[in-house]
1. If you go through the range 35-53, how many residues are open to solvent by 10 Å² or more (accessible area, probe 1.4 Å) and either at pLDDT below 95 or assigned to a loop (DSSP other than H, G, I, E, B) (or both)?
2. Within the range 106-138, which residues are at pLDDT below 95 and among the aromatic types (Phe, Trp, Tyr)?
3. State whether the residues of the range 105-115 include one that is open to solvent by 60 Å² or more (accessible area, probe 1.4 Å) and within 19 Å of the chain's Cα centre (by Cα).
4. Test Ile59 against the stated conditions and say whether it is at pLDDT below 95 and among the aliphatic types (A, V, I, L, M).
5. List pairs: first residue in the range 221-249 and over 19 Å from Leu93 (Cα atoms) and among the hydrophobic types (A, V, I, L, M, F, W, C), second residue open to solvent by 30 Å² or more (accessible area, probe 1.4 Å) and assigned to a helix (DSSP H, G or I) anywhere in the structure, Cβ distance under 8 angstrom, at least six positions apart or on different chains.
6. Of everything in the range 68-104, what is in contact (Cβ under 8 Å) with a residue 24 or more places away in the chain, over 27 Å from Gly232 (Cα atoms) and of a type in the set (Gly, Ala, Ser)? Give them in sequence order.
7. How many of the residues making up the range 116-138 are farther than 17 Å from Gly37 by Cα, aliphatic (A, V, I, L, M) and open to solvent by 10 Å² or more (accessible area, probe 1.4 Å)?
8. Among the candidates Leu93, Leu104, single out the residue that is under 21 Å from Val243 (Cα atoms) and in contact with a Pro (Cβ under 8 Å, 6 or more places away or on another chain).
Amino acid sequence: MSDIDTQRPPGRVAAGRYQDDLRTGIAHALCVHGAGGGAWEWALWRGVFNAHGVECGAIDLQPADGGPASTGVDDYVAQVRIALTAMPRPRALVGASLGGLLALACADDADALVLVNPLPPTPWASRLPPHTWPDVVRWSTDARLASTRRALFDSDEATVIEAMRRWRDESGRVLRDAHAGLDVEPPRCPVLCIASGRDEDVPPALTAECAFAWSADLMRLPEASHVGPLLGREATSTAARVVGWLQARRDRSGELRVPPR
């Protein structure tokens with residue numbers, strides 16, 4: 001089970017160009033996968049979101065023309081921003097791991113953020129576990145069932161096998177840039193951070209610290225792995241809790257509650 005710590009009551013939207021749309025609440029969401037993953041990781045979440053009336057899409061991040069080795073964070077940020085701004089407002093941006101960092105970089109175009117074990121921006125990035133990344137991280141080429149099973153210890157065997165078959169190679173440059181830290185503005189829209197208690201890639205205490213700094217709400221999943229919120233046995237219930245959080249952004253008049261812009 002999970003709990004959500006409410007860090008602060010969200011403010012009511014002031015009169016502005018989105019006020020009429022906000023009365024309907026968030027009806028669209030874009031999901032952004034992490035390094036080595038793909039849009040397929042969001043299948044369970046998309047089903048839950050769509051079942052609750054939130055039209056949910058997921059982006060497959062593409063390498064630059066020169067391939068993964070020449071791909072940078074800015075290439076991915078541009079793709080996310082294009083996909084997000086094509087959606088009607090009000091809209092939520094949902095990102096996991098590297099996708100969470102990309103979501104933060106595009107937060108000014110979102111009306112709500114959901115960050116699942118996000119790679120943090122500066123200054124917190126300096127406290128991530130150290131890694132050395134080659135120019136191309138061959139997660140697809142070198143995928144093994146045993147290592148995938150260890151990473152997805154909270155998933156069933158069918159999911160483990162499917163994930164092993166679908167991991168993709170990733171840009172080492174993107175990962176080096178992300179771990180060096182991006183300088184982003186604190187998000188001004190409502191934010192929900194999700195922290196997996198057994199995450200070995202992004203320490204849950206670091207996610208909680210970011211949530212506190214951003215006055216965000218925090219969902220804790222004490223027994224989840226890094227990708228467990230998406231692919232673990234609790235993925236469906238976690239997605240349902242996220243939908244509930246999005247629905248709770250509305251006040252009694254039915255308007256979405258967001259901080260003044």
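The values are calculated or read from the model by the stated rules, or taken from the named source; none is laboratory data. Computed from a prediction, not measured in an experiment: that's the story for all the values here. Every residue, glycine among them, receives a Cβ derived from its backbone with ideal geometry; neighbour counts consider all protein chains shown. Surface accessibility is based on the protein's heavy atoms, side chains included, excluding ligands, DNA and RNA. Shrake-Rupley method; radii C 1.70, N 1.55, O 1.52, S 1.80 Å.
1. Adding up the residues that qualify gives 3.
2. Listed by number, the list holds a single entry, Trp133.
3. Taking the range 105-115 first, the residues open to solvent by 60 Å² or more (accessible area, probe 1.4 Å) are 108.
Those still in the list that are within 19 Å of the chain's Cα centre (by Cα) too: 108.
Yes; the residues of the range 105-115 include at least one that is open to solvent by 60 Å² or more (accessible area, probe 1.4 Å) and within 19 Å of the chain's Cα centre (by Cα).
4. Values: at pLDDT below 95: no; among the aliphatic types (A, V, I, L, M): yes.
Against the criterion (at pLDDT below 95 and among the aliphatic types (A, V, I, L, M)), Ile59 does not qualify.
5. Pairs found: none.
6. Ala69, Ser70, Gly72, listed by residue number.
7. 1
8. Values: Leu93 fails: in contact with a Pro (Cβ under 8 Å, 6 or more places away or on another chain).
Leu104 is the lone residue from the list that is under 21 Å from Val243 (Cα atoms) and in contact with a Pro (Cβ under 8 Å, 6 or more places away or on another chain).
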